[in-house]
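Everything below concerns the one structure shown next.
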Protein chains: 2
Amino acid sequence: MVSALLFDVFGTVVDWRGGVIRDVTALAGTQVDAAAFADAWRAGYGPSMDLVRRGELPWTKLDDLHRRTLDRLLEELGPAGLTPDDKAWLNTCWHRLDPWPDSVPGLRRLREKFVIAAFSNGNLSLLVDMARRAGLPWDAVFSAELFRHYKPDPEFYRGAVELLSLTPPEVMLVAAHNNDLQAAAAQGLATAFVARPAERGPDAHRDQAPAGEYTYVAADLEDLATLLGC
Amino acid sequence: MVSALLFDVFGTVVDWRGGVIRDVTALAGTQVDAAAFADAWRAGYGPSMDLVRRGELPWTKLDDLHRRTLDRLLEELGPAGLTPDDKAWLNTCWHRLDPWPDSVPGLRRLREKFVIAAFSNGNLSLLVDMARRAGLPWDAVFSAELFRHYKPDPEFYRGAVELLSLTPPEVMLVAAHNNDLQAAAAQGLATAFVARPAERGPDAHRDQAPAGEYTYVAADLEDLATLLGC
């Protein structure tokens, strides 16, 4: 019955923590704890989107929310003395995240049988840059920016289903995050949990296991392709 | 300065007339003049979008505008006796259009250097189905449906530039149609005219030559790739 798969991107398809650590280290060397910097940057993600959700900020692209958090962190954690070009380059590290090793081969297999689309809070240009660099073979890119509603707002899930000219049960969200999958299920979409135990580093415990009744539970995207008969 | 290329699709990248003739013939054989049917269906395209533009119809996907015209033409031109499944299949012939011979190799070359995106009045699912079938290697698919404004409304051109996080002169519209290119130029985009003399059949004269000062004029998409140093 499912004919299209939507993929959460940050954490599910690409390794945000490793990519941020790599680029912070490239600029700052050992002047800052790059892992702590990455975790603090990502910790600012939800609260910054909440400002938009509550109307305390007008619609703001994720690149610009990332930059607000980055500027604060550079003051708090350093390094000092970055040039404007350095800061602009660092802010786009989210465009340069690497896929998990199974992501590209898994997506290629899944695409033989299903329409596959990015479904992310990242702005459209971020997702396009990432897909070109990483070789993610999307049929379509659904950004929260299209609807001016960040996940888990229901408008984003419903809007993607409408653009696909499908009904909710014909669309499945694939994600490593329970809150995203629960929001999709609440709109009637099918759901697939993919475990990404390394997403938040060695000491994190969140989203290590499915916390709901999902349509599928997979070890990674290659495993999902096998479960779906691809 | 240009870093992204937007492509008109019907006529510029794919051969709508040949695809409609093929599928009308498959259903109706010699009962109807398939070329006349294709031309009449396409002639309904502008007026049906005008109903939306003037507010006489609420926002309506192109698939549904095509179906309104199709139902009228089946009464006027035949064939009689099509089943509901036949009619639904025929209406999606616009999802099954073939690219011009230079389109896929030209797009592949252009994509090495530029972000390339569909920019079409077709609904998103139509464009995704077409790209999968024809192997069009889009980085992004911009449908009028995203903005609920059909070309040549300026909202569509401005909206695509905003989603690309670029300025108008950094984006170039590639099209075989003077009205589309003139609307893009009015919004500050760069423009490339591509000649498609066979688009409307052997007796048509519209858009055979550029009717404005465009940034580039190319014989086809391979030629455009050469002109742009790809």
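Summary of computed values
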item: Those residues of region A:51-66 which are more than 17 Å from the chain's Cα centre (by Cα) and assigned to a helix (DSSP H, G or I), in sequence order; result: A:51, A:52, A:53
item: Filter result for residue A:208 (more than 22 Å from residue B:129 (Cβ to Cβ), of a type in the set (S, T, N, Q) and in a helix (DSSP H, G or I)); result: no
item: Filter result for residue A:9 (touching a residue at least 24 places away in the same chain (Cβ under 8 Å), assigned by TED's automatic domain parsing to the domain that holds residue A:162 and not basic (Lys, Arg)); result: yes
item: Sole residue being within 19 Å of residue A:195 (Cα to Cα) and either of a type in the set (D, E, K, R) or surrounded by 15 or more Cβ atoms within 10 Å (Cβ to Cβ) (or both), chosen from A:126, A:90, A:110; result: A:110
item: Options A:169, A:137; residue that is at negative phi, in contact with a helix residue (DSSP H, G or I) (Cβ under 7 Å, 6 or more places away or on another chain) and outside the structural domain of residue A:34 (by TED's automatic domain parsing); result: A:137
item: Single condition residue A:184 does not satisfy, out of (1) buried (at least 24 other Cβ atoms within 10 Å of the Cβ); (2) outside any helix (DSSP H, G or I); result: (2)
item: Whichever residue in region A:56-70 is within 13 Å of chain B (Cβ to nearest Cβ) and without any contact (Cβ under 8 Å) to a residue 24 or more places away in the chain and, among such residues, is surrounded by the most Cβ atoms within 10 Å (Cβ to Cβ); result: A:60
item: Single residue of B:20, B:32 found to be in a loop (DSSP other than H, G, I, E, B) and either within 14 Å of another protein chain (Cβ to nearest Cβ) or closer than 19 Å to residue B:201 by Cα (or both); result: B:32
item: Subset of region B:1-17 [more than 20 Å from residue B:90 (Cβ to Cβ), part of a loop (DSSP other than H, G, I, E, B) and at pLDDT 95 or above]; result: B:2, B:3, B:8, B:12, B:13
item: Number of positions in region B:34-50 that are over 16 Å from the mean Cα position of the chain (by Cα) and either touching a residue at least 12 places away in the same chain (Cβ under 8 Å) or in the same structural domain as residue B:144 (by TED's automatic domain parsing) (or both); result: 5
item: Qualifying residue in region A:175-195 (condition: among the β-branched types (Val, Ile, Thr), in the same structural domain as residue A:10 (by TED's automatic domain parsing) and over 22 Å from residue B:60 (Cα atoms)); result: yes
item: Qualifying residue in region B:77-85 (condition: outside the structural domain of residue B:135 (by TED's automatic domain parsing), more than 30 Å from residue B:2 (Cα to Cα), crowded, with 20+ Cβ neighbours inside 10 Å and out of contact with any strand residue (DSSP E or B) (no Cβ under 7 Å at 6 or more places or on another chain)); result: no
item: Helices (runs of 4 or more DSSP H) contained in region B:71-170 and holding at least 2 residues closer than 22 Å to residue B:27 by Cα and either more than 14 Å from chain A (Cβ to nearest Cβ) or free of Cβ contacts under 8 Å to residues at least 40 places away in the same chain (or both); result: B:84-91, B:124-134
item: Selected residue (only one of A:223, A:207 is on the phi > 0 side of the Ramachandran plot and touching a strand residue (DSSP E or B) at 6+ places or on another chain (Cβ under 9 Å)); result: A:207
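Listed here are the residues, each with its yes/no results for (1) modelled with pLDDT under 95; (2) surrounded by fewer than 21 Cβ atoms within 10 Å (Cβ to Cβ); (3) closer than 30 Å to residue A:167 by Cβ.
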position: B:96; (1), (2), (3): no, yes, yes
position: B:104; (1), (2), (3): no, yes, no
position: B:119; (1), (2), (3): no, no, yes
position: B:137; (1), (2), (3): no, yes, yes
position: B:141; (1), (2), (3): no, no, yes
position: B:145; (1), (2), (3): no, no, yes
position: B:157; (1), (2), (3): no, no, no
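The values are calculated or read from the model by the stated rules, or taken from the named source; none is laboratory data. These numbers were taken from a predicted model, which means no experiment stands behind them. Quick reminder, even Gly has a Cβ in these numbers, built from the backbone with ideal geometry, and neighbours come from all protein chains shown.
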